[in-house]
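S.K.: Sending over a structure as C-alpha cells; questions will come in a sec.
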Amino acid sequence: MKITIGGDLTVHRLGFGTMRLTGPGIWGPPADRGEALRVLRLAVESGVDFIDTADSYGPAVAEELIREALHPYPDGLVIATKAGLVRPGPITGPGPWPRCGRPEYLRQQAELSLRRLGLDRIDLFQLHRVDETVPFDDQIGALAQLRDEGKIRHVGLSGVSVRQLEEAARIVPIVSVQNRFNLADRTSEDVLRYAESHGLAFIPFAPLNTGGLTTGTALTEAARARGVRPAAIALAWLLHRSPALLPIPGTSRTGHLRDNLAAADIRLTSAEIALL
Ligand SMILES: NC(=O)c1ccc[n+]([C@@H]2O[C@H](COP(=O)([O-])OP(=O)(O)OC[C@H]3O[C@@H](n4cnc5c(N)ncnc54)[C@H](OP(=O)(O)O)[C@@H]3O)[C@@H](O)[C@H]2O)c1
C-alpha cells in the first residue's frame, strides 16, 4: 500500500514517528541509545520509507539519531521534519509546547534541520503549529520562500483546520496535513475529507492514541483471532479507513516496532470493522 505525496514522493503507507526515541518527557537522549538506533535501522530494513521527526523532539535529539542510524540515506527514504514549537524543558504533565512562528525562527530551524539531518533539501517541511501571535501569511510565506530557494521540497501543516489549509494553499502548495486521528479520536474527520478531495496526505499523529490503543476488548479480540498484537489492528483500521492516511506510529522498542509493522499485511473484514 503506497501513497504519493506532492506528486513525486511515493512511500509505503505505514511510516514511523520518532518522537518516542528521545529521553523522558521528549527531552534529552534516550535511555537506551543502542535500541533507539536499532529501531530506526530495523524500520528502514523492514521497508519503512517515511520517517516523521521534528526539531523539537529532544530537542534536536531525534534528528541526530536519524542521521547517526541511517546516513547516508537509502534511495527513496523520505524524512519529514517540522518547526514552529519551542521546548523550554521536559514535559512533566500535559504541559503546552509554546509556539513560535516568526519567519526568521522558522528559517533558522530549517537550516538547523538540514545540518543535523545531513541533507541538502528537506523533502517535507511541516509547520508544527500555527502561531496565533504572528500573521498567518508571514508564517506560510516563510515556508514558501524556503521552497522557492530549494531548501525544502514540499510544505505540510500540522494541527490545523480546513480553513487554515485553504488559506495556506493560496500562498504555497500544501501537500500534507498532520493532525491527531485514530480509532478513538476522529475529530479531524473534516480535515481527512479535505485531504482526500484535494490530494493531500493525511499523516495521523498518535495513531495508537499515544499507547491507549494497545489494549481494549475489541482490539484484543480481533488481534487474538489473527495472531497479531492489538496495536497492529488499530493501525490496520487506519490503513483501511482512507487511502489518504499515512500513519506514523512511534515506539522506542524493536519488539513494538515489529508488532506495528504487522499492520501492513492485514486486510480487515467488514465484520472486524463493525466490531471496531
Ligand atoms: N504533529 C504533532 O503535533 C505530533 C504530536 C504527537 C506526535 N507526533 C508524531 O506522531 C508520532 C506518533 O505519535 P505518538 O508517538 O505520540 O503516539 P502513538 O504512536 O500513538 O503511540 C506511541 C506510544 O505507544 C507505545 N507503543 C507503540 N507501539 C506499541 C505496541 N506495539 N505495543 C504497546 N505499546 C506501543 C509507545 O511506547 P514504547 O516506546 O514503549 O513502544 C509510545 O508510548 C510521533 O512519534 C511523532 O512523530 C506529531
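All of the numbers you see were taken from the coordinates with simple rules; none came from a lab. Predicted, not measured: the structure shown is a model, and the values here were computed from it. Cβ coordinates were reconstructed from backbone atoms using ideal geometry, including for glycine residues, and neighbour counts include every protein chain displayed.
S.K.: If one puts a single equal scatterer on every Cα of segment 54-182 and applies the Debye formula without solvent, what log₁₀ I(q)/I(0) results at q = 0.12 Å⁻¹?
M.R.: For segment 54-182, the Cα-only Debye profile gives -0.44.
S.K.: Next question. What nm value, rounded to one decimal, do you get for the distance between residue 210 and residue 186 when each label is placed 7 Å out toward the C-beta?
M.R.: Those two pseudo-labels are separated by 2.2 nm.
S.K.: Would you kindly derive the ³J(HN,Hα) couplings of segment 154-162 from the backbone phi angles with the Karplus curve 6.51 cos²θ - 1.76 cosθ + 1.60 (θ = phi - 60°), listing them in order in whole Hz, with x for Gly and Pro?
M.R.: 9, 10, x, 10, 9, x, 10, 9, 4
S.K.: Here's another thing I want to ask about it. With a ≥ b ≥ c taken as the square roots of the eigenvalues of the C-alpha gyration tensor of the chain, please select rounded if a/c is under 1.5 and otherwise prolate if a/b is larger than b/c or oblate if it is not?
M.R.: prolate
S.K.: So, one more: Classify segment 61-122 as rounded, prolate or oblate, taking a ≥ b ≥ c as the square roots of the eigenvalues of its Cα gyration tensor: rounded when a/c is under 1.5, otherwise prolate if a/b is larger than b/c and oblate if not.
M.R.: oblate
S.K.: A further question follows. Helix 230-241: angle to the longest alpha-carbon principal axis of the chain, degrees 0 to 90, nearest 10?
M.R.: Compared with the principal axis, the helix lies near 60 degrees.
S.K.: Still on this structure: Taking amide H positions as placed 1.01 Å from N in the peptide plane, with prolines and chain starts having none, which residues 5 or more places from residue 245, or on another chain, fall under 5 Å of its amide H?
M.R.: 202
S.K.: Quick one: angle between helix 217-226 and the longest Cα principal axis of the chain, in degrees between 0 and 90, rounded to 10, please.
M.R.: Roughly 70 degrees between the two axes.
S.K.: Net charge around residue 105, counting only other residues with Cβ within less than 14 Å of its Cβ (Lys, Arg = +1; Asp, Glu = -1)?
M.R.: So the environment of residue 105 carries a net charge of +1.
S.K.: Something else now. Just how far, in whole angstrom, is segment 63-134 from segment 188-205 if you go by their alpha carbon centroids?
M.R.: Answer, in whole Å: 22.
S.K.: Let me ask another. Let's test the formula: R0 of 45 Å, r as the Cβ-Cβ distance of residue 254 and residue 104. What FRET efficiency results, to the nearest 0.05?
M.R.: The calculated FRET efficiency here is 0.65.
S.K.: Now for a different question. For segment 177-182, what does the Karplus curve 6.51 cos²θ - 1.76 cosθ + 1.60, with θ = phi - 60°, yield as ³J(HN,Hα) per residue in whole Hz, taken in order and with x for Gly and Pro?
M.R.: Per residue, the Karplus-derived 3J(HN,Hα) values read 9, 10, 10, 5, 6, 6 Hz.
S.K.: Still on this structure, please answer the following. Which is the longest run of the chain containing none of the trypsin sites (Lys or Arg not before Pro) found in DSSP loop states (not H, G, I, E, B) with at most 11 other C-beta atoms within 10 Å?
M.R.: Looking at the chain, 1-169 is the longest stretch - no exposed trypsin sites (Lys or Arg not before Pro) with at most 11 other Cβ atoms within 10 Å.
S.K.: So what are the ³J(HN,Hα) numbers for segment 122-135, from phi and the Karplus equation (6.51, -1.76, 1.60; θ = phi - 60°), rounded to whole Hz, Gly and Pro as x?
M.R.: 8, 5, 9, 10, 10, 6, 5, 8, 6, 8, 5, 8, 10, x
S.K.: While we're here: At a Förster radius of 51 Å, what calculated FRET efficiency corresponds to the Cβ-Cβ distance of residue 224 and residue 137, to the nearest 0.05?
M.R.: Calculated transfer efficiency: 0.45.
S.K.: What does the C-alpha gyration tensor say about the overall shape of segment 1-107? Classify as rounded when a/c is under 1.5, otherwise prolate if a/b is larger than b/c, or oblate.
M.R.: Here segment 1-107 falls in the oblate category.
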